[in-house]
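Worksheet: one structure, shown below.
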Amino acid sequence: MSDPLSKMMTSPDAMSKMLPAVPDMDTQLALAAKMIDKKTATHKGSHSYGSYFLEYSLMAEFNLLLKQKLPGIYCIPSAKSSLTWYGVLFIRQGAYQEGVFRFTVQIPENYPDGDVPKVVFDNAVFHPSVDPNTHSLNVKQGFHKWKRNVNHIWQLLLYTRRVFYKIDLTNPLNVEAASLYERDIEQFQVRAKSCVTDWKEQLYLAKDHPDPHYLTFSSFQEQIHGPVRDKMKRGAEGHSRDEEGGGVVGDRKSYVATGSLTIFSEKLLPSNSEREGPKSMPK
């Protein structure tokens, strides 16, 4: 009589063929976003695998943020805690033009089942939607309730940028700023410009921070930034020719004019070390 157990055993090669293929990174991140579901999560998100699911859920969120490529926003998770993200916002037009605002995104421990993540600026911002004492943004104005698999952190960052371009006076956290905006728009713009100036003066003060992912700025240093600036100015030098079009890859320079979101582009002149003069074709 044959051993019934032997019928169930297979060779190592056969067993290896039974293993599924390792999914690619996009598939893994898509699955990670679905890991926390209502079957495993409690109302507080305190199930036994909560921290494991949370980590992968936040990985999926950051991957979504990278794919969005939001202009004027830089954001990165803390090196010490995935529940803290550091960001910088650049405003290119409007009352807060040339503003550079550094902020922190504070994510609840039971994400994505918890409350809306908080956005807290490092310093005071004279804005109707920013609390003058806590420096917190009124995120509830844009997200009344955080909905799993519907709301994402990149949307929260997009909302943070939008409040500086489209000011909403509904339920303001800074009553003085809201009243001034409604009563005297010119004086409000003066205060907003003063706020931008204050931030510029404080931008370079934060240099030493315990978290290596904290976004810091340094003033222009010729020995460090000079070579990079010169390389950008040279433009097409060192680039190979495009096989299809016959043109030079990188033979144009692009820039954004002050007070505009429109990207302009100019064709660079061929490099000639003996000649001085304009570096781009006239318009």
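Take the stretch 102-121 and flag every residue that is at pLDDT 95 or above and open to solvent by 30 Å² or more (accessible area, probe 1.4 Å). Answer for the stretch 102-121, where residues must be at pLDDT 95 or above and open to solvent by 30 Å² or more (accessible area, probe 1.4 Å): Gln106, Lys118.
Here is a yes/no grid of residues against (1) of a type outside the set (A, V, I, L, M); (2) over 20 Å from Arg92 (Cβ atoms):
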| position | (1), (2) |
| --- | --- |
| Pro172 | yes, yes |
| Leu203 | no, no |
| Ala206 | no, yes |
| Pro212 | yes, yes |
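Which residues, counting only those in the stretch 164-180, are more than 16 Å from Gly142 (Cβ to Cβ) and of a type in the set (Val, Ile, Thr)? Listed by number, the list holds a single entry, Val175.
The number of residues in the stretch 191-223 that are in a loop (DSSP other than H, G, I, E, B) and either surrounded by 11 or more Cβ atoms within 10 Å (Cβ to Cβ) or at positive phi (or both) comes to 10. Looking across the stretch 57-105, the residues that are touching a helix residue (DSSP H, G or I) at 6+ places or on another chain (Cβ under 7 Å), outside any strand (DSSP E or B) and in contact (Cβ under 8 Å) with a residue 40 or more places away in the chain come down to Ser57, Glu61, Leu64, Leu65, Gln68, Leu70, Gly72, Ala95, Tyr96, Glu98, Gly99.
If you go through the stretch 158-185 and pick out every residue that is hydrophobic (A, V, I, L, M, F, W, C), open to solvent by less than 70 Å² (accessible area, probe 1.4 Å) and part of a helix (DSSP H, G or I), you end up with 4. Please work out which residue is surrounded by the most Cβ atoms within 10 Å (Cβ to Cβ), limiting yourself to the stretch 125-144 and to residues that are at pLDDT below 95 and out of contact with any Leu (no Cβ under 8 Å at 6 or more places or on another chain). In this case the residue turns out to be Gln141. Report yes if Phe188 is part of a loop (DSSP other than H, G, I, E, B), closer than 16 Å to Gly94 by Cα and of a type in the set (Phe, Trp, Tyr), otherwise no. Here the answer is no, as Phe188 does not meet what is asked. Being modelled with pLDDT under 90, more than 27 Å from the chain's Cα centre (by Cα) and exposed (fewer than 12 other Cβ atoms within 10 Å of the Cβ) holds for only one residue in Gly238, Gly226, and it is Gly238.
The values are calculated or read from the model by the stated rules, or taken from the named source; none is laboratory data. Owing to the predicted nature of the structure, the values given are computational and were not obtained by experimental measurement. Glycine also receives a Cβ, built like all others from the backbone with ideal geometry; neighbour counts cover every protein chain displayed. These accessible areas exclude ligands, DNA and RNA; they are computed on the full protein's heavy atoms, side chains included. Shrake-Rupley method; radii C 1.70, N 1.55, O 1.52, S 1.80 Å.
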